[in-house]
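One structure below.
The values are calculated or read from the model by the stated rules, or taken from the named source; none is laboratory data. All values derive from a computational prediction rather than experimental measurement. Glycine gets a Cβ as well: all are built from the backbone with ideal geometry, and neighbour counts include every protein chain shown. Note: accessible area is taken over every heavy atom of the protein model, side chains too, but ligands, DNA and RNA are not part of it. Shrake-Rupley method; radii C 1.70, N 1.55, O 1.52, S 1.80 Å.
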Amino acid sequence: MKNCALLFVLMSSMSCLAQTTVWNGEDKTAGLWNRLSPKIVDNPDKSGINKSDKCIRFTVTGRQSLFYRPPGAFVGDPMPFFDPVARDFKIMYLYEQRPNPEGTYHPFYGLSTTDAASYIELGQMIQCGAIDDQDAALGTGSTIYDDSLQLYYTFYTANRHNPTDNQDAQVVMYATSKDFKTWQKSQLVLRGNPYFYYKSDFRDPFVFHGDDGTYHMLVSTKKDEKGVIAEFTSADLKSWTSAGVFMTMMWDRFYECPDVFKMGDWWYLVYSEMHSAIRRVQYFKGRTLEELKACTANDAGQWPDSHEGFLDSRGFYAGKTASDGVNRYIWGWCPTRPNYDNTDVGAPPAKPEWAGNLVAHRIIQHEDGTLTLGEVPGIADRFGSGATPEIIGKGGNVDGAGAQWLRLSGDSYVMFPKLAYRNRISFKVKTSDNADNFGLSFMRNVGSTKFYSVVVNSEREDKERKLNFEEQGSDGKGFIAGADSHYFERPADNTYNVTVVTDNSVCAVYINDRCCYTNRIYGTQRNCWTINSYGGTIEVSDVRVASF
């Protein structure tokens, strides 16, 4: 009862408040809000203008199942795997506590899902070693199934606590299981030092079965002061032979969490670039494995597309994929923000906070072999078709009778009712000119002096578009450096089909199956939102909102 009383007092006292209470376990927030909402959330009056100018910065999350977060902890580095026995996806992840135990941290926890939209918790899978063991702390790895032995193998990074000069800071180890429940660690290790790779960077093993009938393992490491992906091969998943360098990393880059797969006629490497100036998930492509390896030869930079293979923004990291033979999904984590500050996004030279919520997207392959990310169909199914929202406020030049069709000219906006905790927003925008910009804002109520916007900007002589994240309003900072997404090609007819999925503070924006933008925006839930035009003229139609 103390928490409820504190929540009520804080949210009733100021026009824009910070609340840091976090509820774990069962989702108690819905019942709480049903009791308190008459005193803090006003309905629009008859003129359509919202009475409430209160802007409430929520961090009350409850139990998050759409973009999953474990109770009392956070998701780090997911390791998805399609289980050919159970016919579902299994996702192990690094279990991040704040603070973590000293020296022994990041045990593997597990989830299962059939649709990448709802998850069953499997609990702890692989535990950390003792403080003096090689695997005192665990790091990213991968799982593969040996059908001949009916045995699951999970390879992982084993981190030694405070290693001496004569000890390996990182090696590769593995554990096996007959049922994906009980895991037995092997004492066999793969070290980098015998092959002149770094003892301090030898990690993130990814194992796949090649077209040659051999198992291949990729390891992120360094050699001769340059980042490389090392390759090893095996016939039995136990004894491994060095196959040399699979790929050199360009310049001073380091490719974490490598993932190789074949999709149609193309081979792909998906990786996460850890350099503070990049800090995103990227990919390379090739018609063969050899062509794929050559993408970075001599620092050539044979990018797969016009935006250097970026798949998402800096709000999505450590992405790895799995396929059920029909759909291929990618799972990564969306970082939390220090002190619940939407503007503290880890702009270079800083990095975003490590770990957060599990986020899944669908991988879309285009005719030329390029990849983009789109909405997971199972997530859309969970929401249903939704309904046309009421317009409760507007500013500037707005024509139209309702959310089915609107024209916005100049600097204008239309405001819609307060969102729930989980929402799916969809609408269509048609611009009148190649350079007309538009966007949508969250945490925006009547009288708000700052709010948070995703803006679709014209770039590169109007040929491409780019999403920016901005803190707008009279007290806002404007453009937030380090959070903007990648470029995408402007549609020839200037028509943008926009879908937005939110789960509390996690927000994913999809446009035309060509652009995906993941971000953390505290205050999305239980506040109003707007669609905006910036200087030009746009037509907005088919606005729909669904929640559950």
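The set of residues in the range 523-548 that are open to solvent by 10 Å² or more (accessible area, probe 1.4 Å), hydroxyl-bearing (S, T, Y) and touching an Asp or Glu at 6+ places or on another chain (Cβ under 8 Å) comprises Y534, T537. Among the residues of the range 233-240, at least one is among the aliphatic types (A, V, I, L, M) and under 24 Å from G139 (Cβ atoms). A Cβ distance below 8 Å, combined with a sequence gap of six or more or placement on separate chains, defines the contacts here; from the range 517-535, residues that are under 15 Å from S426 (Cα atoms) reach residues that are outside any strand (DSSP E or B) and among the acidic types (D, E) in the pairs Y517/D312. Test R465 against the criterion of being assigned to a loop (DSSP other than H, G, I, E, B) and either over 24 Å from the mean Cα position of the chain (by Cα) or not polar (S, T, N, Q) (or both), and give yes or no. Answer is no for this residue.
Note on the range 501-535: residues that are aliphatic (A, V, I, L, M) and touching a Lys or Arg at 6+ places or on another chain (Cβ under 7 Å) total 2.
Looking at this structure, is D204 assigned to a strand (DSSP E or B) and either on the phi > 0 side of the Ramachandran plot or open to solvent by 10 Å² or more (accessible area, probe 1.4 Å) (or both)? Yes.
Consider the range 213-252 and keep the residues that are charged (D, E, K, R) and under 11 Å from Y197 (Cα atoms). The one that is most open to solvent (accessible area, probe 1.4 Å) is E225. Please tell me if V540 is closer than 22 Å to R422 by Cα and part of a strand (DSSP E or B). No; evaluated as a whole, the condition is false for this residue.
Listed by first and then second residue, the pairs with beta-carbon distance under 6 Å, at least 6 apart or on different chains, first residue in the range 414-443 and at positive phi and touching a residue at least 12 places away in the same chain (Cβ under 8 Å), second open to solvent by 10 Å² or more (accessible area, probe 1.4 Å) and of a type outside the set (A, V, I, L, M), are M443/F451.
Conditions (1) out of contact with any strand residue (DSSP E or B) (no Cβ under 6 Å at 6 or more places or on another chain); (2) open to solvent by 30 Å² or more (accessible area, probe 1.4 Å); (3) closer than 21 Å to D77 by Cα; (4) of a type in the set (S, T, Y), marked per residue:
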site: D299; (1), (2), (3), (4): yes, yes, no, no
site: L311; (1), (2), (3), (4): no, no, yes, no
site: E353; (1), (2), (3), (4): no, yes, yes, no
site: G374; (1), (2), (3), (4): no, no, yes, no
